[in-house]
Amino acid sequence: MSLSCKKIVENLQKGGKTRDECIGTIYKQFLHLVGRFSKKYKLLYELVINEYVDSILVLDTYVRDGRFEFLKSSKNPCLNFILKTLKNKCKNLARKEGRRNTIKLGDVAAFLEATTETPDSALMYEDLLDAFNDLDEKCKKILMDWLSGYKMEEIAERNDLSNKNAARVSKSRCLKKLKEILRNKGY
């Protein structure tokens, strides 16, 4: 069942069971947005679902508080409201995820301690950071996801890889590349 924006607003304003049913209908009606935003912002589907539900609840709050406005230029103001809200929420989440995956020297050092035979006292931090930065963007992202504790399935999804085995192979290749760069620097 598909509701017009006018009907959505009426049902949300009624409250009670009508409001609850309306929220369920909105959820189903625009659910296709989640996959689109998940891919666009490279976020886990589950994270975008949470933001999607929040976006619907923001619409509900605006309608019940009388702050929601119909724009004459918009064909479907409810959809546009949810789209804009979800877009902002996903951008913020992607920004937070990006900060979470920003390279930290300590993370890379711990990672290399576990994966190289080089004594950590001989490994200069600047060289380590340079070596990591010499990797291509995809390898950096895969290794940072791995260092951040993501499971192989999540790494595959976040990096557009076909499955967890592809993620595992990519991680191994990236580790080899990093070790090779360090060897070329004399470590």
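The one condition from (1) at pLDDT below 75; (2) outside the structural domain of Arg173 (by TED's automatic domain parsing) that Ala114 does not meet is (2). Looking only at residues in segment 135-164 that are among the polar types (S, T, N, Q) and in contact (Cβ under 8 Å) with a residue 12 or more places away in the chain, the one that is surrounded by the most Cβ atoms within 10 Å (Cβ to Cβ) is Asn159.
Residue-by-condition table, conditions (1) over 30 Å from Met152 (Cβ atoms); (2) touching a strand residue (DSSP E or B) at 6+ places or on another chain (Cβ under 8 Å); (3) free of Cβ contacts under 8 Å to residues at least 12 places away in the same chain:
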site: Thr18; (1), (2), (3): yes, no, yes
site: Val58; (1), (2), (3): yes, no, no
site: Leu83; (1), (2), (3): yes, no, no
site: Asn92; (1), (2), (3): no, no, yes
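In segment 4-69, which helices (runs of 4 or more DSSP H) lie fully inside it and hold 3 or more residues that are modelled with pLDDT of 90 or more and surrounded by 14 or more Cβ atoms within 10 Å (Cβ to Cβ)?
5-14, 16-29, 45-65
The values are calculated or read from the model by the stated rules, or taken from the named source; none is laboratory data. Please read these numbers as outputs of a predicted model, since none were measured by experiment. Cβ atoms come from the backbone with ideal geometry, glycine included; neighbour counts cover every protein chain shown.
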